[in-house]
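Report on the following structure.
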Amino acid sequence: MNVVAPFEGIGVSVKRKEDLRFLSGRGQYTDDIVRPGQTYAYILRSPHAHARINRIDTAAAQASPGVVAVYTGADLAAIGGLPCGWQIHNKDGSPMAEPKHPVLAEGKVRHVGDPVAVVIADSRERAKDAAETILVDYEVLPAAATMQAALAPGAPAIHDGIAGNLCYDWHIGDKAVNDAAFAAAAKVVTFETTNNRLVPNAMEPRAAIGDYDTTTGEHTLFTTSQNPHVIRLLMGAFVLQIPESKLRVVAPDVGGGFGSKIYHYAEEAIVTWAAARLGRPVKWTADRSESFMSDAHGRDHVTKASLALDANGKILALRVHTQANMGAYLSTFAPCVPTYLYATLLAGVYTTPTIYCEVKAVFTNTVPVDAYRGAGRPEATFLLERLMDVAAKETGIDRVELRRRNFIPADAFPYQTPVALQYDSGDYQSTLDEALATADWAGFEARRAEAARRGKLRGIGVSTYLEACGIAPSAVVGSLGARAGLYEVGTIRVHPTGSVTVLTGAHSHGQGHETTFAQLVSDRLGVPVAQVDVVHGDTAKIPFGMGTYGSRSLAVGGSAMFKAMDKIIAKGKKIAAHLMEASVDDVEFDRGTFRVAGTDKTKSLGEIALTAYVPHNYPIEEIEPGLDETAFYDPKNFTYPGGCHIAEVEIDPDTGRVAVVQFTAVDDVGRVINPMIVEGQVQGGVAQGIGQALLEHAVYDTNGQLLSGSMMDYTMPRADDLPNVGVATHTTLCTHNPLGVKGCGEVGAIGSPPAVINAVVDALRDYGVSHVEMPATPDRIWGIINAGRKMAAE
Amino acid sequence: MYDFAYHKPTSVADAVKLLAADPDARPISGGHTLLPALKHRLNKPSSVVDLSGIAELKGIRREGDRIVIGAMAKHKEIAESAEVQAAIPALAKMAGSIGDIQVRNRGTIGGSVANNDPAADYPAAVLALGATVVTSKRRIAADEFFQGMFTTALQPDELLVAIEFPVPQRAGYAKMRNPASRYVMAGAFVAKIADGVRVAINGAGPGVFRQKAMEAALSANWSPDAVANIKQPADGLNSDIHGSAEYRAHLVTVMAKRAVADAG
Ligand SMILES: Cc1cc2nc3c(=O)[nH]c(=O)nc-3n(C[C@H](O)[C@H](O)[C@H](O)COP(=O)(O)OP(=O)(O)OC[C@H]3O[C@@H](n4cnc5c(N)ncnc54)[C@H](O)[C@@H]3O)c2cc1C
């Protein structure tokens, strides 16, 4: 019987292979791992935002029941600080200020949650008991909890020798050209906004286990990471001086990251170091409160911008001044987020001829801030898309029309922006048209009137956005200050019987790589998805890799796999040519079958694989046995997903509560491999975007205490806060990677916040509002409505 | 969590004995408030007296013109009770609106009322309906029972046994949830009972309180419009990152209006 296997390649919504394991509770997360003789670390953290440590007395803790060891900064003074992976230069060419980020506090604490000491005991509770007996003599110092406070004259110095708490003062663009364009403008629109600070809140808190083999001298770190090789590099080379050959980093199943698990954290170094010192495994798992005060936060910009337009609403120039909060120390990639992932995006989808942007990065007594889903691009998009609506209002040009007049036309690609990037493809008119039609933009006024009859204020908002992901060409990022390359590595291992193992340097922590990547292989090599296993997250198994962030896994990691498949096919052709006594040039390959062109002579991939591993009849002089190929793929450019998001909201004017009642996303993410996974990624991103727009806010008081330090006060989006999100894709192919893919991991979080706020402002059109800051909480909205009513009454 | 001893008595008398013998002992019912506090090491009881084995504390029944709810009745049982639904539908609806399904399956009315969290739901119903709190020692009128934030008339060795709710002629409840915790940010329970009209406000202040101006207005004219223009002073109300005192004061009026509409 000839059973035709279902096609499981590109474009099919194959069910996620990993879900059986996750849904049946059989995922293996770091905290699930138990090593023989394991001990437990508890980290004592600073309760103060800024204090000098005069003395730490750990005597009682050392003597506490079950305690194995207690360490403070003094014990770790010999090891390096946590490194920063990106160096930005100031306007004058000098390098940014880069203070030491000690693993455990040395003499001073700089944010609430800063690690001060570690207690290692035979149980977590006993470690905690002992930690409570540690006496820390703090001399509390004035704190600078906001950028405004940190930049004020006479502000407390967070790091010795860093004047004015300034990390860098950077700019991009030609100021003179920009000034001239403003001088000639018919209309200048100004806008100020604060991009709210967020806590990533991955479902799985961070965890780490250090293990040390006293016989081989090999260190193993199990950690909740998005990029185990990067951690091996940073921790091995910069912090603990362990050669790669003696350091294995494993990132097993990881329950969400959103960026917060990219970075190298103190706890990873602590458990690795302590395990070697003690000769026993050391495990640390954060509780939720610890996550709030120790995971890198996201966003936190204060921006002033001006837009210059001609009399027809054509944009002439954009000028932006941004202050970006770095927190107390530089997290791994923090400096690049408000510069090369933000200012370079300020052209958006528009033909703005000149852009000038200044960014001051500021140290404050808060948790370090780094990339969080979207990283820089949501900040740029929010700014631009709010600015477009403000400009529409001030010029009297319809907001959709104003966007259309300024779009980069579909035939203008490749398109060079004035802020370094060159877009390869896109079609912004089409994504806009499709979204307007799906959202029934034209029929909105009827819905507004119907809502008004129910006493509700209804508004609609649009955002036409673009982002840059698939990071990134190594030479380019190197010239911009990256201290690493950003290629990706893929191995295709065809086994003797034709099944395939894929090794990838990308890491899946919710994205569904085990399925999508298997589909890529299935599509090209004709192997059923069930026979393609994707292995990731272990430096002992994977040749190398840079990990998953910036929606790069498919565009860069998938392309590496594609290149490795090229090699498999090329080698397979040689073997096939030998077996079929043909010239290599005459052998064709299509989905698992090698054929001598124009004949019915064929060999299957399985036959070729078997021959490669059992090379009895084999061109052994020409090629080696085996069918196992690795490719390092360095992308030629960023990829540029873009599209249009439309939000419709209803506000209850009595309470100020905003409900998103309809949401439409039409995204161009390049070629779609698995539509179901893309839809899930967009929906998740939109949920986080609505979270940023309406709900989430990490708030510090003036003393640097985190007021929203738990789920009781930090509003995570929940199912009933979210509408049904209509997701559609409109594809233009990426022109520079072999798959034509762009990336879908962040578009939802990038495009949605301004669409929601534009809708909120639209709903409040009768209240004299030109802007509403995020999050648009009921309290904030009611304040606006109340002020509007008062004004009307006066 | 710190170490503690665990007891599971089967009678109120035994439970009270355990509590009287040890001033650092704490009763536990659903544990949905106490356990998180223990986990965060905010509380260090020497022993925990589990009330779940005491039959006297359970059950919901109608006794004449009163609904009597045992301290250990869970939110879900109250929400689904045919007696409560028939006699005080606003109370059943309130119970069904607390937290999420897990909370409603564990949390108890006794634990909630004894805890007197200013942002909790039940205290508003207890106060507005003029209920009587029955304890292991005495009967306490609602007006005497609630004494401000997390404070009640209960003594350390006194157990809340049941709550007796008079069946009202009308009652309604409305609340605005805190966006993060989903506890009450401002709520109003309005009731018309034999003694007159009572309005209790929760969430907005440091403890549940009666809104006398609204009571007077509703006594004269039971309609949402009657309270629409009664302004709650913002003085003394809670103010935090979720809402200013002024906002909460405004919500009190909105919720009172909605509660009257809800009562019909
Ligand atoms: C996620 C979550 C969401 C929630 N949302 C809401 C909400 O929206 N609205 C709301 O009202 N509540 C909410 N709660 C609280 C919930 O209703 C709790 O059940 C309630 O606060 C306490 O009841 P319990 O039975 O769990 O009490 P426990 O936690 O067991 O005890 C609470 C306190 O009362 C004491 N106590 C318990 N029983 C007695 C007794 N019989 N006599 C004397 N003292 C006693 C205990 O010693 C303790 O001090 C929420 C809780 C959680 C975890």
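The values are calculated or read from the model by the stated rules, or taken from the named source; none is laboratory data. Fair warning: this is a prediction, and the values are worked out from it, not measured in the lab. Quick reminder, even Gly has a Cβ in these numbers, built from the backbone with ideal geometry, and neighbours come from all protein chains shown. These area figures cover heavy atoms from the full protein model, side chains too; ligands, DNA and RNA do not enter into them. Shrake-Rupley method; radii C 1.70, N 1.55, O 1.52, S 1.80 Å.
How much mean residue ellipticity at 222 nm does the protein assembly as shown get from its helices, if each DSSP H run of length 4 or more adds -39500 (n - 2.57) and you divide by all residues, to the nearest 500 deg cm²/dmol?
-8000 deg cm²/dmol
Cα-based Rg (one decimal) and Dmax (whole number) for the stretch A:188-302, in Å?
17.0, 70
Chain A: percent of C-alpha pairs farther apart than 51 Å?
The answer is 17 percent, as a whole percent.
Roughly how many Å is it from the Cα centre of the stretch A:410-438 to that of the stretch B:21-37, as a whole number?
Going from one Cα centre to the other spans 61 Å.
Residues with beta-carbon under 15 Å from that of residue A:205, excluding residue A:205: net charge, scoring Lys, Arg +1 and Asp, Glu -1?
Net of charged neighbours comes to -2.
Given +1 on the Cβ of Lys and Arg, -1 on the Cβ of Asp and Glu, and no further charges, what dipole in debye does chain A carry about its Cα centre, rounded to the nearest 20?
Computed charge dipole of chain A: roughly 420 debye.
Which one of A:65, A:88, A:105 has its Cα pushed farthest toward the positive end of the charge dipole of the stretch A:55-120, where Lys and Arg give +1 and Asp and Glu give -1 at the Cβ?
After comparing all options, I get A:88.
Near residue B:8, which aspartates and glutamates are there with a Cα under 13 Å away, not counting those fewer than 8 places off in the same chain?
B:50
Please compute, for peptide B:251-259, the average count of beta-carbon atoms on other protein chains lying within 10 Å of each residue's beta-carbon.
Across the residues of B:251-259, the mean count of other-chain Cβ atoms within 10 Å is 2.
Longest exposed-loop-site-free stretch of chain B, with trypsin sites (Lys or Arg not before Pro), DSSP loop and at most 13 other Cβ within 10 Å?
B:42-136
In Å², and per residue, what accessible area does the stretch A:358-468 have when probed at 1.4 Å with the other protein chains present?
Computed with neighbouring chains in place, this is 31 Å² per residue.
Sort A:693-706, A:358-371, A:93-106 by the packing proxy (mean of other Cβ within 10 Å over each peptide's residues), most packed first.
A:358-371, A:693-706, A:93-106
Please report the relative contact order for chain B, taking Cα pairs under 8 Å with a sequence separation of at least 6, and give it as a percent rounded to a whole number.
Reported relative contact order: 16 percent.
Can you tell me the order of A:560-567, A:582-589 when each peptide is scored by its average per-residue count of other Cβ atoms within 10 angstrom, highest first?
Those peptides, ordered most packed to least, come out A:560-567, A:582-589.
Multiply the residue gap between residue A:591 and residue A:177 by 0.36 nm, knock off their C-alpha separation, and tell me the result in nm, one decimal place.
143.6 nm
What does the charge count near residue B:8 come to, summing +1 for each Lys or Arg and -1 for each Asp or Glu among other residues with Cβ under 14 Å from its Cβ?
0
How big is the stretch B:1-54 in terms of Cα radius of gyration and Dmax, in angstroms?
Every Cα atom of the stretch B:1-54 included, Rg and Dmax give 10.7, 31 Å.
Would you work out the charge dipole size for the stretch B:170-263 about its Cα centre, treating the Cβ of every Lys and Arg as +1 and the Cβ of every Asp and Glu as -1, and quote it to the nearest 20 debye?
So the dipole magnitude of the stretch B:170-263 works out to roughly 220 debye.
In the stretch A:17-56, whose amide N lies under 16 Å from the spot 7 Å out along Cα-to-Cβ of residue A:160? List them in ranges.
A:51-55, by backbone N distance to the label point.
Would you mind counting up the charge near residue A:503? Only other residues with Cβ under 12 Å from its Cβ, with Lys and Arg at +1 and Asp and Glu at -1.
That sum, taken over residues with Cβ under 12 Å, equals -3.
Past 18 Å, Cα to Cα, is the threshold; run A:187/A:360; B:212/B:257; A:91/A:360; B:17/B:76; A:175/A:314; A:636/A:742 against it and keep the listed order.
Those over the limit are A:187/A:360; B:17/B:76; A:175/A:314.
Just how far, in whole angstrom, is the stretch A:647-715 from the stretch A:35-89 if you go by their alpha carbon centroids?
That distance is 36 Å.
Looking at the protein assembly as shown, send over the antiparallel percent of its DSSP beta bridges, to the nearest 5.
Given both bridge residues lie in the protein assembly as shown, the antiparallel proportion sits at roughly 80 percent.
Between residue A:454 and residue A:20, with labels modelled 7 Å along Cα→Cβ, what's the label distance in nm to one decimal, could you check?
Label at residue A:454, label at residue A:20, 4.4 nm between them.
What FRET efficiency comes out for the pair residue B:212/residue A:63, r = Cβ-Cβ distance, R0 = 41 Å, nearest 0.05?
0.10
Note the full-extension length gain between residue A:786 and residue A:614 as 0.36 nm times their separation in residues minus their Cα-Cα distance, in nm to one decimal.
Once the chain is fully extended between residue A:786 and residue A:614, it gains 53.9 nm.
What are the membrane-span-like helices in chain B by this rule: whole DSSP H runs, Cα extent along the axis at least 18 Å, mean Kyte-Doolittle hydropathy at least -1.0?
Going by DSSP H runs, the hits are B:245-263.
What average number of partner chain Cβ atoms lie no more than 10 Å from the Cβ of the residues making up B:235-242?
The shielding value for this peptide is 3.
Straight-line reach only, C-alpha to C-alpha below 17 angstrom: list the lysines that residue A:541 could link to, leaving out same-chain residues fewer than 8 apart.
A:246
Nearest 0.05, what FRET efficiency do residue B:21 and residue A:540 give at R0 = 56 Å with Cβ-Cβ as r?
Efficiency computed from Cβ-Cβ geometry: 0.45.
Set Lys and Arg Cβ to +1 and Asp and Glu Cβ to -1, take the dipole of chain A about its Cα centre, and tell me which of A:569, A:504, A:388 lies farthest positive.
Of A:569, A:504, A:388, it is A:388.
What is the calculated FRET efficiency for residue A:771 to residue B:85, with r their C-beta to C-beta distance and R₀ = 60 Å, to the nearest 0.05?
0.80
For chain A, what % of the accessible area comes from carbon and sulfur atoms, probe 1.4 Å?
Summing carbon and sulfur atoms, their accessible area is 53 percent of the total for chain A.
Roughly how much accessible area, to the nearest 100 Å², goes out of reach of solvent when A and B pair up, both sides summed, probe 1.4 Å?
1900 Å²
Treating only the Cβ atoms of Lys and Arg (+1) and Asp and Glu (-1) as charged, compute the dipole magnitude of the stretch A:330-394 about its Cα centre; round to the nearest 20 debye.
Dipole size: approximately 80 debye.
List the residues of the stretch A:752-787 that lose 20 Å² or more of accessible area once all protein chains are present, compared with their chain alone (1.4 Å probe, heavy atoms only, no ligands or nucleic acids).
A:778, A:779, A:782
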